[in-house]
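J.: Just dropping this structure here.
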Amino acid sequence: MPRRASNTTGSQSTLSFGARSRVTKPVTAPSHKAKALDSTPALSDKSASTPEPQQLSVTPKEPSKPHVAELAVRQQAAVEHQAPRSEEDNRALKLNKQDIWRYWRAQEQARKTPSAHQQGMDIEEKILRHFDLSSQYGPCIGIARVKRWRRANQLKLNPPIEVLAVLLKGKNISERAYIDELLS
């Protein structure tokens with residue numbers, strides 16, 4: 001710890017790093033003003049009569065217009081959904097709910113740890129979030145989920161057909177990846 005040594009020639013002191021002298025704070029007895037403050041009674045009567053401050057909502061309000069990235073992803077998804085059906089689309093639409101459940105159970109069994117923060121989500125949202133976070137199918141930021149699935153399929157990355165089935169059959173699903181929504 002640096003030590004201050006007094007400078008005899010000027011008003012500014014210099015630092016001394018020697019171990020010979022030890023400078024500590026002077027200890028003084030508390031003044032009578034400090035003793036008077038310690039002996040004052042608590043203000044419990046006054047605090048009970050004052051009204052509580054008004055609670056304000058902390059959550060930000062949703063913007064009236066969608067974000068630019070949201071508009072771009074919606075436009076990509078609309079183009080992808082209007083494209084003529086491919087062989088993969090027909091295969092995906094033939095899958096039923098049991099096939100999707102079977103796929104998700106196999107994914108959960110392959111994991112070593114149980115999934116956290118998914119207690120209130122439906123199976124379709126779990127599948128889509130798992131697809132969003134699977135980096136082997138390419139980046140998920142700034143691209144519609146359907147377009148990402150089709151790009152991965154064209155690149156022979158073998159994306160799960162169940163994901164396409166959820167995307168084509170889903171009514172209330174977001175076109176954007178969950179991580180994309182969080183980051184923008």
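J.: Can you give the local net charge around Arg91? Use residues other than it whose beta-carbon is closer than 14 angstrom to its beta-carbon, Lys and Arg +1, Asp and Glu -1.
T.: Here the count lands on -1.
J.: Evaluate Rg over Rh across segment 79-128, taking Cα atoms for both radii and Kirkwood's formula for Rh.
T.: Radius of gyration relative to Kirkwood radius: 1.08.
J.: Right, another one. Please work out the ratio of the alpha-carbon Rg of segment 100-169 to 2.2 N^0.38 Å and round it to two decimals.
T.: 1.09
J.: How many Å² of accessible area per residue for segment 130-184, probe 1.4 Å?
T.: Ligands and nucleic acids excluded, the figure is 51 Å² per residue.
The values are calculated or read from the model by the stated rules, or taken from the named source; none is laboratory data. No experiment lies behind these values; they were computed from the predicted model shown. Because the Cβ atoms are built from the backbone with ideal geometry, glycine has one as well, and the counts that use them run over all protein chains shown. The accessibility values were calculated without ligands, DNA or RNA, using every heavy atom of the protein model including side chains. Shrake-Rupley method; radii C 1.70, N 1.55, O 1.52, S 1.80 Å.
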